[in-house]
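The values are calculated or read from the model by the stated rules, or taken from the named source; none is laboratory data. On a predicted model such as this, the values are computed, not experimentally measured, just so you know. All Cβ positions, glycine included, derive from the backbone under ideal geometry; neighbour counts span all protein chains shown. With ligands, DNA and RNA removed, areas are computed over all heavy atoms of the protein, side chains included. Shrake-Rupley method; radii C 1.70, N 1.55, O 1.52, S 1.80 Å.
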Amino acid sequence: MSDQTTDAPSTDAPSTDAPPTGAPSTAALAPVDGFLGEVFDPPAPIADTPPWAERPAIDPTAMDTLFRHARTPAAWRDTPVEDTKLTQLFELLRMGPTSANCSPARFLFLRTTWAKERLRPMLSVGNRAPATTAPVVAIIAHDPHFYHMMWRLFPRDDAKEWFSRNPPFAAETAFRNGTLQGAYLILAARAVGLDAWPMSGFDNDRVDAEFLSDRGWKSNFLVGLGHADASALPAQPPRLSFDEACVLL
């Protein structure tokens, strides 16, 4: 993953999506110690689904698809990725949880040779081939001013103010939750039958200037999307065991 830090916005950019008259409103709540989880109301029951405690585990085959048998490609098949597949992917990833439903991630999908060649000089040498030969390269970014949509995503009177009045907190929230949504993208890609190749070796500042400056977004990392060439898959590297990575208290 990228080691970059996100600069806090120096000014509170004007909202481009202000709430309409009569937008939902409830009593104002403040975050507790910078964590917004404590302010959530219990979720309303979802119709036609079993109670949460009775929700079954997914099929082992689905676990294999998402985790155990999923691999980072070493090369791509020359199979296009349709725009409808990208829409399906986004419809899944957007349902993953974020802090106060802030949903700061933004995604720019580079599908054409022209777009990917614009990206090439900003990539580390080792990432040029996997990125420019991928059917699609997703720039995983975040909107530093994501809070202008809070009136709709988390309709509390003061939700926007939690972030607009505290730029460092907003920057931290945008980067952390945008990264989280980038991970959801990888899993969603696997769920819809695509392979994913995440990359962090590139010049974030140049990518921002070339692709994102007109939107005000900040890049985090890249993900190549397509169909892996199975004949070129390397051996799966080892992972840490539970005892090496986990502690029970």
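When F154, F169, F107 are checked against the criterion of being aromatic (F, W, Y) and closer than 20 Å to E210 by Cα, F107 stands alone in meeting it.
Residues that are surrounded by fewer than 11 Cβ atoms within 10 Å (Cβ to Cβ), closer than 19 Å to A191 by Cβ, modelled with pLDDT of 95 or more and of a type in the set (S, T, Y): does region 43-52 have at least one? Within region 43-52, not a single residue is surrounded by fewer than 11 Cβ atoms within 10 Å (Cβ to Cβ), closer than 19 Å to A191 by Cβ, modelled with pLDDT of 95 or more and of a type in the set (S, T, Y). Scanning region 118-127 for residues that are surrounded by fewer than 18 Cβ atoms within 10 Å (Cβ to Cβ) and closer than 24 Å to L89 by Cα gives no hits.
Looking at this structure, is L108 modelled with pLDDT of 95 or more and part of a helix (DSSP H, G or I)? In short, no.
Looking across region 200-249, the residues that are without any contact (Cβ under 8 Å) to a residue 40 or more places away in the chain, farther than 25 Å from E172 by Cβ and open to solvent by less than 70 Å² (accessible area, probe 1.4 Å) come down to S241, C246. What's the number of the only condition in (1) of a type outside the set (K, R); (2) at pLDDT 95 or above; (3) crowded, with 19+ Cβ neighbours inside 10 Å that T113 fails to meet? Result: T113 passes all but (3). Checked against (1) under 23 Å from N204 (Cα atoms); (2) in contact (Cβ under 8 Å) with a residue 60 or more places away in the chain; (3) not polar (S, T, N, Q), R111 meets all criteria but (2). Taken over region 128-152, the criterion of being crowded, with 20+ Cβ neighbours inside 10 Å, over 30 Å from S164 (Cβ atoms) and out of contact with any Phe, Trp or Tyr (no Cβ under 7 Å at 6 or more places or on another chain) is satisfied by A131, V137. So for region 167-190 (the condition being of a type outside the set (D, E) and touching a Lys or Arg at 6+ places or on another chain (Cβ under 7 Å)), does at least one residue qualify? Checked against the condition, which is being of a type outside the set (D, E) and touching a Lys or Arg at 6+ places or on another chain (Cβ under 7 Å), region 167-190 yields no hits at all.
When each of S241, S231, S219 is tested for being at pLDDT 95 or above, farther than 25 Å from T112 by Cβ and of a type outside the set (F, W, Y), the lone residue that passes is S241.
Scanning region 82-97 for residues that are open to solvent by less than 20 Å² (accessible area, probe 1.4 Å) and either within 24 Å of L233 (Cα to Cα) or outside any helix (DSSP H, G or I) (or both) gives L86, L89, G96.
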